[in-house]
Structure formats: C-alpha cells, structure tokens
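In what follows, a structure is listed as structure tokens, so that the remarks can point back to it.
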Amino acid sequence: MTVPVPYRVTEREAETADTATIVLEPVQVALQPFAPGQFAMVYAFGVGDIPLSVCAIDGHRLTHTVRAVGAVSGALHALRPGKTVGVRGPFGTGWELPAAAGLDLLVVAGGIGLAPLRPVVRQALAAPERYGRLNVLIGAREPRDLLYTEEVRGWPAALTTVDRPDSQWQGEVGVVTTLLDRATFDPPSTAAFICGPEPMIRATAGELAHHGVDPERIRVSLERNMHCATGHCGHCQLGPLLLCRDGPVVSWTRARPLLMVREL
Ligand SMILES: Cc1cc2nc3c(=O)[nH]c(=O)nc-3n(C[C@H](O)[C@H](O)[C@H](O)COP(=O)(O)OP(=O)(O)OC[C@H]3O[C@@H](n4cnc5c(N)ncnc54)[C@H](O)[C@@H]3O)c2cc1C
C-alpha cells in the first residue's frame, strides 16, 4: 500500500511524559493485517510521516506507542480521539514467534523497544503450551520512562531494571544485560527477541551468542530513518539491507557484521 489510508484516533493513553499509546480505526478501508514486528508509516497531515511499530494485534484496529522526539512524532503524540491520520502498511519483517515453538523465549527490551515486543509477550502468554520458559527483561533510563507498567506487573516472568533510580525505586539498577544472569533459559534451545537502542542490542545479542544461543535464533529489530518504506529510496540502507524491506527484524547472523562496523 503506497497511498495513505485514513484512520481515526479512537483512544489515547498517556504512558509517560513524552510517550502515548494511540488506537487507530479505519475510516472506511482497512489495511491488511499486521504481524508483530511489522510497522506502519503514519502520516500527521501537513507535517510528515514516520515509521511506527504495531504494539498490539487487534483486528482492524492499529495500536501504536509513540514517543515525541521531533516534529512528526510530536504531532502524532499530541493527537486526541476524533482526529484523522494517514496510514500505509504493513511493512517489513516480523518477529516470527511461531518459528520458536518448543523453545525457551527470551524477550529483551530497552525503552520504547518494548512497544514492538509487547505483542510477542502477549502471544506467548496466550499459548504457553507452545513454548518453553518465557523471560521478559526490560530496561529503561528512569522509572518514569517505564511503559505499560500495569500490564507488565501481570507478566509472570518480567524483570525490570533502570539506569537511574529515583527515591521510590526498589527494583534493579543497571543496564538490561545485568538481568541476563537472573533469567532461566537453556541457551541451545532458546529464541531471543531484542529491541532497543543499538548499543543495547549489540551487548545483549553478543552476550547471548557467547553463551550458546544460536545467532540465527536471536532476532533483533533495527531502526534507520525511513522514507518510502517500499525499498526504493535507500534512506534506510544498512550495508546490503534496505531495512524497510529486509528488516526491521533480522537475525543476529545478518545484523552482527553490519553493526560491528564503526560509524564515522
Ligand atoms: C521500523 C521502525 C519502527 C519504529 N517504531 C517506533 C515506535 O513504535 N514508536 C516510536 O516512538 N518510535 C518508533 N520509531 C522511531 C520513529 O520513527 C522516530 O522517532 C521518528 O521517525 C522521528 O521523527 P520526527 O519527525 O518526530 O523527528 P526527527 O526530527 O526526524 O528526529 C528527531 C530525533 O530522532 C532521531 N530519529 C529520527 N528517526 C529515527 C529513527 N528511525 N530511529 C532512530 N532515531 C531516529 C533523529 O536523528 C533525531 O535525533 C521506529 C522507527 C523505525 C525505523
């Protein structure tokens, strides 16, 4: 789908000071269903469009958690129910959770990276008989940056850490990789799903591979500026990959040599 389709904001929930979850419903025509890990290009009329991952799978409704970091994300974050946006998609590769049937699952999220991983956790919790043990490791800069706090409290195997605690914080402190020691999984029979800032992806995936998780079973979601989202403009090129088409979710086997190149 290359022409934006109108969707209306039907719900908005503030997650943190700069982040909100919006639910969109088609005004007339619905896009094809999205899979966890895929993204939409969401257009704030008159401002521009940006890639946003789906953070819930729910029929024709699209749910996105958006962090206001610039003009377009700021405009989408400011939208209230009743407003209309344009949406293209679905784009990109997904997490492919069903391929991990029978394996222990390790979901590792940093910051807004929990948004695209939330549907993975929800689907794994909905079908526990299909998978081994589920561990969800979540890192954030500060307690006030944590997403979906009420829902996460209900996830049985979730561990959370923050870089900078406040006076109320009683949980773990440190980067998310420090939680790996506390997770219970069998490395040769584990599938990992990682999304967050690139240094966090590198550290987490590298450590898991070092401990014997098959790099083919480590899936990471990579972000680059995207424009056309259809593999034509080249804005999101990373080595031989066009991330809007070949990503954003790729195996660590593919990502590792590309992320280990020092940026100039
Ligand atoms: C596949 C994909 C899925 C994404 N999913 C989400 C999501 O679910 N929720 C969410 O809040 N954000 C998500 N993003 C990031 C979001 O697209 C960017 O924050 C947005 O493009 C910023 O645009 P802007 O006009 O608001 O700000 P700009 O003025 O364009 O940028 C503001 C700052 O953000 C940086 N930036 C811009 N685009 C990106 C990007 N793609 N990745 C990293 N940094 C960027 C810029 O370098 C600048 O420092 C996703 C990005 C990709 C590629």
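The values are calculated or read from the model by the stated rules, or taken from the named source; none is laboratory data. Because the structure is predicted, anything quoted here is derived from the model rather than measured. Here the Cβ is made from the backbone with ideal geometry for all residues, glycine too, and neighbour counts use every protein chain on show.
Just a yes or no: is a residue in segment 29-37 aliphatic (A, V, I, L, M), within 14 Å of the ligand (Cβ to nearest atom) and under 18 Å from Ala229 (Cβ atoms)? Please lay out each step first, then the result.
Step one: of segment 29-37, the residues aliphatic (A, V, I, L, M) are 29-31, 35.
When the remaining residues are screened for being within 14 Å of the ligand (Cβ to nearest atom), the result is 35.
Checking which are under 18 Å from Ala229 (Cβ atoms) leaves us with 35.
Yes, some residue in segment 29-37 is aliphatic (A, V, I, L, M), within 14 Å of the ligand (Cβ to nearest atom) and under 18 Å from Ala229 (Cβ atoms).
Among the residues of segment 84-118 satisfying the criterion of being assigned to a helix (DSSP H, G or I) and within 16 Å of the ligand (Cβ to nearest atom), which is farthest from Pro26 (Cα to Cα)?
First, the residues of segment 84-118 that are assigned to a helix (DSSP H, G or I): 97-100, 111-118.
Now drop any that are not within 16 Å of the ligand (Cβ to nearest atom), which leaves 111-118.
Values: Gly111: 29, Ile112: 25, Gly113: 25, Leu114: 25, Ala115: 21, Pro116: 21, Leu117: 23, Arg118: 22 Å.
Applying the filter and picking the extreme gives Gly111.
Whether any residue in segment 164-172 is modelled with pLDDT of 95 or more, under 18 Å from the mean Cα position of the chain (by Cα) and not assigned by TED's automatic domain parsing to the domain that holds Ala30 is what I want to check.
Within segment 164-172, none of the residues are modelled with pLDDT of 95 or more, under 18 Å from the mean Cα position of the chain (by Cα) and not assigned by TED's automatic domain parsing to the domain that holds Ala30.
Please go through (1) surrounded by fewer than 19 Cβ atoms within 10 Å (Cβ to Cβ); (2) of a type outside the set (D, E, K, R); (3) over 21 Å from Leu125 (Cα atoms) for Thr161 and return the number of the only condition it doesn't satisfy.
Against the list (1) surrounded by fewer than 19 Cβ atoms within 10 Å (Cβ to Cβ); (2) of a type outside the set (D, E, K, R); (3) over 21 Å from Leu125 (Cα atoms), Thr161 comes up short only on (1).
Every residue, every condition in (1) over 24 Å from Val9 (Cβ atoms); (2) of a type outside the set (Lys, Arg), yes or no:
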{"residue": "Arg88", "(1), (2)": "no, no"}
{"residue": "Pro98", "(1), (2)": "yes, yes"}
{"residue": "Leu117", "(1), (2)": "no, yes"}
{"residue": "Val121", "(1), (2)": "yes, yes"}
{"residue": "Gly132", "(1), (2)": "yes, yes"}
{"residue": "Ile138", "(1), (2)": "yes, yes"}
{"residue": "Thr149", "(1), (2)": "no, yes"}
{"residue": "Trp155", "(1), (2)": "yes, yes"}
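Go through the residues of segment 145-166 one by one and say whether even a single one is on the phi > 0 side of the Ramachandran plot, in contact with a Leu (Cβ under 8 Å, 6 or more places away or on another chain) and touching a residue at least 60 places away in the same chain (Cβ under 8 Å).
Yes - at least one qualifying residue is present in segment 145-166.
Determine whether Val152 is of a type in the set (A, V, I, L, M, F, W, C), within 25 Å of Val249 (Cα to Cα) and out of contact with any Lys or Arg (no Cβ under 6 Å at 6 or more places or on another chain). Don't jump to the end; show me each part of the working.
On the way: of a type in the set (A, V, I, L, M, F, W, C): yes; within 25 Å of Val249 (Cα to Cα): yes; out of contact with any Lys or Arg (no Cβ under 6 Å at 6 or more places or on another chain): yes.
Yes; evaluated as a whole, the condition is true for this residue.
May I ask you to list pairs of residues, at least six apart or on different chains, whose Cβ atoms are under 8 Å apart, with the first in segment 199-224 being surrounded by fewer than 18 Cβ atoms within 10 Å (Cβ to Cβ) and the second being in a loop (DSSP other than H, G, I, E, B)?
Arg202/Met260; Arg224/His235; Arg224/Cys236
Among the strands (runs of 3 or more DSSP E) contained in segment 1-83, which hold 2 or more residues that are surrounded by fewer than 18 Cβ atoms within 10 Å (Cβ to Cβ)?
Details: elements: 5-16, 19-26, 39-44, 48-53, 56-58, 61-67.
Filter on segment 1-83 gives 5-16, 19-26, 56-58.
Take the conditions crowded, with 23+ Cβ neighbours inside 10 Å and at pLDDT 95 or above and apply them to Leu97. Does it pass? Before you say what the answer is, go through the steps one by one.
On the way: crowded, with 23+ Cβ neighbours inside 10 Å: yes; at pLDDT 95 or above: yes.
So Leu97 fits the description; yes.
If you scan segment 43-54, which residues turn out to be near the ligand (Cβ under 6 Å from one of its atoms) and touching a Ser or Thr at 6+ places or on another chain (Cβ under 7 Å)?
Listed by number, the list holds a single entry, Ile50.
Do you know which residues across segment 119-144 are without any contact (Cβ under 8 Å) to a residue 60 or more places away in the chain and assigned to a helix (DSSP H, G or I)?
Going through segment 119-144, the residues without any contact (Cβ under 8 Å) to a residue 60 or more places away in the chain turn out to be 121, 124-138, 140-143.
Those that are without any contact (Cβ under 8 Å) to a residue 60 or more places away in the chain and assigned to a helix (DSSP H, G or I): Val121, Ala124, Leu125, Ala126, Pro128, Glu129, Arg130, Pro143.
Among the residues of segment 147-157, is there at least one that is within 17 Å of the chain's Cα centre (by Cα), crowded, with 21+ Cβ neighbours inside 10 Å and modelled with pLDDT of 95 or more?
Within segment 147-157, one or more residues are within 17 Å of the chain's Cα centre (by Cα), crowded, with 21+ Cβ neighbours inside 10 Å and modelled with pLDDT of 95 or more.
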